[in-house]
Amino acid sequence: MDISITEDEVNVVNVLNNEPMLCKVPFNQILVTPNADVYLCCGSHIINMPPSAGNLLRKSGREIWNNEIYKKFRMSFADGSFRYCNTKTCSAAAKRHDPSSRFMIHTVSEIENDETLRDSNFQDYIDAPESFDGSLRGMPTRLYLGMDNSCNLKCPSCREKLIIEDHRNGRLDKLYENLRSITKAVEYLEIDGAGDVFASSWYQRFLKNFPTEDFPNLKEIGFRSNGLLWTKKNWYRIHPYFRSKMINALISVDATTEETYKKVRGGCFHSLMENLDFIHYLLKNKEINCINLIMVYRKSNYKEIPQFIELGKRLSASYIVINPLQAWEESAYVINGQYDDEAIHLPTHPEHDAFKDCLNTHGVKNGKDGEMYVDFSW
Ligand code: SF4
């Protein structure tokens with residue numbers, strides 16, 4: 001006798017057992033990838049359905065935001081099943097019954113009792129849960145653009161060769177034209193998670209002539225860069241409206257010595273240090289809101305983790321991220337078969353004990369260090 005049950009049957013059980021809980025991600029934000037896909041959440045966080053809700057080269061953002069894929073995804077929060085969220089990679093979904101571990105996810109009563117939560121896209125569900133079909137009247141308030149791979153570096157942790165997109169092909173113009181239909185409500189904008197905005201001729205034009213009319217509600221910006229081209233000249237070329245917002249500098253550094261920087265990033269270390277001093281000056285002068293530094297550690301640079309923390313303090317960083325090397329399939333380490341040799345965080349790595357000794361000797365751990373937060377993970 002065949003006793004197998006379908007995924008939908010399993011989910012019927014989940015629906016009956018679970019209360020509705022709404023995640024801010026599908027209700028309030030969108031994420032655009034270099035292929036122009038609009039992702040429902042980080043790709044690795046989605047299971048049982050493809051992570052892309054649509055493509056901005058074919059449809060407008062407005063059409064995608066309320067299409068059948070988005071509606072189906074949102075309904076998995078309304079019915080409490082979370083059937084498309086990967087609890088192995090999303091700790092918020094895994095710990096959703098623990099209020100201290102799920103700041104993205106809220107119960108109905110939490111939303112009803114919090115003015116800010118109530119006054120958001122959650123309202124469409126809260127006002128009429130019975131007739132809610134997953135569509136929203138409001139547009140996203142958080143926009144994460146990772147749409148241009150162009151970068152002045154070819155870090156082996158990210159790619160094998162230099163990528164500079166030829167913007168004369170009009171691809172990003174078309175993508176942006178389709179995106180414009182949903183930018184008016186955006187309060188938080190993050191650019192560009194895929195490359196470096198200063199290395200992209202499209203972004204240089206976009207930032208210089210920033211379309212203020214497309215972003216009337218913009219308040220805060222996550223500005224990602226490797227810092228090498230963040231010079232005074234390039235910074236003040238950016239439209240004053242953009243620079244007047246709350247700017248959070250998110251800078252990937254990866255090394256604290258010239259020798260290691262050459263190995264893991266390949267750019268001019270002295271220019272980087274000079275530019276970091278300039279960015280620090282912007283912070284002191286209140287022209288930017290905060291500095292966050294990022295380091296991807298591996299065999300080639302782990303010994304510099306303690307100095308990296310010191311660098312963060314010298315630059316008055318608010319937050320530093322120290323994450324292990326990921327096995328991205330586009331990275332040179334993976335392509336050239338060097339990933340296992342660099343992945344020092346793996347207990348099977350021959351130098352793993354030496355790595356742990358280094359952390360213990362210098363007291364490296366996750367948590368507050370003075371005014372700065374160290375986000376360290378294995
Ligand atoms: S619960 Fe986690 S995986 Fe699901 S949408 Fe929210 S952040 Fe993404």
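Of note:
- Among residues of the stretch 22-52, those that are within 11 Å of the ligand (Cβ to nearest atom) and not hydrophobic (A, V, I, L, M, F, W, C), counted: 9
- So Asp124, is it more than 16 Å from the ligand (Cβ to nearest atom) and at pLDDT 95 or above: yes
- For the stretch 252-294, the tally of residues that are assigned to a helix (DSSP H, G or I) and under 18 Å from Asp192 (Cβ atoms) stands at 2.
- Conditions (1) within 21 Å of Phe132 (Cβ to Cβ); (2) more than 13 Å from the ligand (Cβ to nearest atom); number of the one not met by Asn55: (1)
- For the stretch 86-104, the count of residues that are away from the ligand (no atom under 14 Å from the Cβ) and either in the same structural domain as Asp173 (by the TED database) or not hydroxyl-bearing (Ser, Thr, Tyr) (or both) is nonzero.
- Qualifying position, being farther than 22 Å from Lys154 by Cβ and at pLDDT 95 or above, among Ala332, Ala317: Ala317
- In the stretch 186-211, the qualifying residues are those that are out of contact with any Ser or Thr (no Cβ under 8 Å at 6 or more places or on another chain) and of a type in the set (A, V, I, L, M, F, W, C), and the one that is farthest from Pro156 (Cα to Cα) is Phe210.
- Filter result (more than 14 Å from Tyr188 (Cα to Cα) and of a type outside the set (A, V, I, L, M)) within the stretch 242-255: Ser252, Asp254
- Qualifying residue in the stretch 240-251 (condition: part of a helix (DSSP H, G or I), farther than 16 Å from Arg314 by Cβ and among the aromatic types (Phe, Trp, Tyr)): yes
- Gly80 vs. criteria away from the ligand (no atom under 15 Å from the Cβ) and either of a type outside the set (Asp, Glu) or closer than 30 Å to Asp340 by Cα (or both): no
The values are calculated or read from the model by the stated rules, or taken from the named source; none is laboratory data. This is a predicted model, so every value here is computed, not measured. So basically every Cβ, Gly included, is an ideal-geometry build from the backbone, and we count neighbours across all protein chains shown.
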